[in-house]
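The values are calculated or read from the model by the stated rules, or taken from the named source; none is laboratory data. This is a predicted model, so every value here is computed, not measured. Virtual Cβ from ideal backbone geometry, glycine too; neighbours counted across all protein chains shown.
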Amino acid sequence: MQNDLRERIVACAKRFEADIVCFGGIGRFGGTRVREIFPETKTVICLAFRVLRGVFRGIEEGTTYYQYCTNGVEVIEETVMPRALLRVCALLEDEGFLALPQRRHQCVMEAEEGHNFEMHYEEIYHGRKTEPQLEFEDAAVRCGLGEKSFYGTVLTPQFGPMQRWCFVLTDAVLEETPLPEPRLCDGCRDCVRACPGHAISDCGVRSVWQCGPYYRGARMAKNPFMPPDAFPDLPNRKEIMEGKAELTPEESIRVMEGCIYYPPIKQGYASSICGKACDMACYMHLEKQGKLNRSFHEPFRRRGEWFLEMPEE
């Protein structure tokens, strides 16, 4: 019966567009928040959805930018993912089990200084320690989805860093997915070099306040929408536009307030001008190394990387 239910869960999730389904027993989640959320949890189910390689194409070419933000972020998070999540939970309930859907709350940050670069900073609620959330990257790894990269995202052999995921907590006991041996990330640091605002340190730590402005396009060389007189009230505007400024949270907010050259997405997601350059660089490295189990007729980067010139002062 357990195997039959597990197979039906996988089939249901894939029928509603999940690309990868994996399972972690509660024994893998010691010291995490799973039991704070649902004390009777026996299994954590991870549903992962690919971010299409093609939605990065316009940013790679410097031609169109909204496809990544809409189809790579908003549509997955707000349309595709919830349908699959709710249908899997309904299947478990039909079998007499409890099932708690778990999506990332984009606007809740435990740390007072926390920030989510995909959202507007004014939308973030800080210090919400009484409302536990899963640690999403960690939970995905514990379910067997993939391995952590140098800069903290999750890598799979199917899609590299290009997927988003959610979870179901259930009191059904289901067979675990084996944990993969880490083999994808070799510490090449292409992610560090690719970031337009050097938001990833040589130790692999991402500064969310450094990331936020450059995710939105604060570096002029990678933003075709930025006028030459950007950030006129900031004394270090040249360093900001060159991606060389070290930004405090207060400075980061002022820069993000000035990055208004491209409209946000209707669900409140910030538009990405960098297109997660770290993810693209990571994907291209994995592709070049032959570590992905899906191949394409052409490599992702077909021409040299483009840059715009800084204006004369």
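Can you tell me how many residues in region 73-101 are in a loop (DSSP other than H, G, I, E, B) and either surrounded by 16 or more Cβ atoms within 10 Å (Cβ to Cβ) or in contact with a Leu (Cβ under 9 Å, 6 or more places away or on another chain) (or both)? Result for region 73-101: 3. For residues that are among the small types (Gly, Ala, Ser) and either without any contact (Cβ under 8 Å) to a residue 12 or more places away in the chain or not in a loop (DSSP other than H, G, I, E, B) (or both), tally how many sit in region 221-244. The total comes to 1.
Here Asp190 fits the description: in contact with a His (Cβ under 7 Å, 6 or more places away or on another chain), in contact (Cβ under 8 Å) with a residue 12 or more places away in the chain and within 30 Å of Ile253 (Cα to Cα).
Filtering region 10-20 to residues that are surrounded by 15 or more Cβ atoms within 10 Å (Cβ to Cβ) and either out of contact with any Leu (no Cβ under 6 Å at 6 or more places or on another chain) or among the aromatic types (Phe, Trp, Tyr) (or both) leaves Val10, Phe16, Glu17, Asp19, Ile20.
Any chance region 37-52 includes a residue that's at pLDDT below 95, part of a loop (DSSP other than H, G, I, E, B) and crowded, with 17+ Cβ neighbours inside 10 Å? Looking through region 37-52, none of the residues is at pLDDT below 95, part of a loop (DSSP other than H, G, I, E, B) and crowded, with 17+ Cβ neighbours inside 10 Å. Is it the case that Asp202 is farther than 17 Å from Met310 by Cβ, in a loop (DSSP other than H, G, I, E, B) and either not acidic (Asp, Glu) or not assigned by TED's automatic domain parsing to the domain that holds Ser149 (or both)? Yes, satisfied. No other residue among Cys195, Cys211 is crowded, with 20+ Cβ neighbours inside 10 Å and out of contact with any helix residue (DSSP H, G or I) (no Cβ under 6 Å at 6 or more places or on another chain) apart from Cys211.
Table: residues versus (1) modelled with pLDDT of 90 or more; (2) crowded, with 23+ Cβ neighbours inside 10 Å; (3) under 17 Å from the mean Cα position of the chain (by Cα).
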site: Lys222; (1), (2), (3): yes, no, no
site: Pro228; (1), (2), (3): yes, no, no
site: Leu234; (1), (2), (3): yes, no, no
site: Lys238; (1), (2), (3): yes, no, no
site: Pro249; (1), (2), (3): yes, no, no
site: Tyr261; (1), (2), (3): no, no, no
site: Gln267; (1), (2), (3): no, no, yes
site: Cys274; (1), (2), (3): yes, yes, yes
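Annotation note: Cβ proximity below 8 Å between a residue of region 168-182 that is crowded, with 19+ Cβ neighbours inside 10 Å and a residue that is among the acidic types (Asp, Glu) (sequence gap 6+ or interchain) occurs for Ala172/Glu95.
Scan region 281-302 for residues that are without any contact (Cβ under 8 Å) to a residue 60 or more places away in the chain and outside any helix (DSSP H, G or I) and report the count.
Filtering region 281-302 down to residues without any contact (Cβ under 8 Å) to a residue 60 or more places away in the chain leaves 288, 290, 295, 297-299, 302.
Narrowing further to those that are outside any helix (DSSP H, G or I): 290, 295, 297-299, 302.
Here the count works out to 6.
Evaluating Thr70 against the criteria (1) buried (at least 16 other Cβ atoms within 10 Å of the Cβ); (2) more than 30 Å from Leu308 (Cβ to Cβ); (3) β-branched (Val, Ile, Thr) leaves one unmet condition, (2). Residues that are modelled with pLDDT under 95 and not assigned by TED's automatic domain parsing to the domain that holds Glu61 do not occur anywhere in region 276-292.
If you scan region 12-36, which residues turn out to be over 17 Å from Val80 (Cβ atoms) and part of a helix (DSSP H, G or I)?
Of all residues in region 12-36, those over 17 Å from Val80 (Cβ atoms) come to 22-36.
Correct list: Ile26, Gly27, Arg28, Phe29, Val34, Arg35, Glu36.
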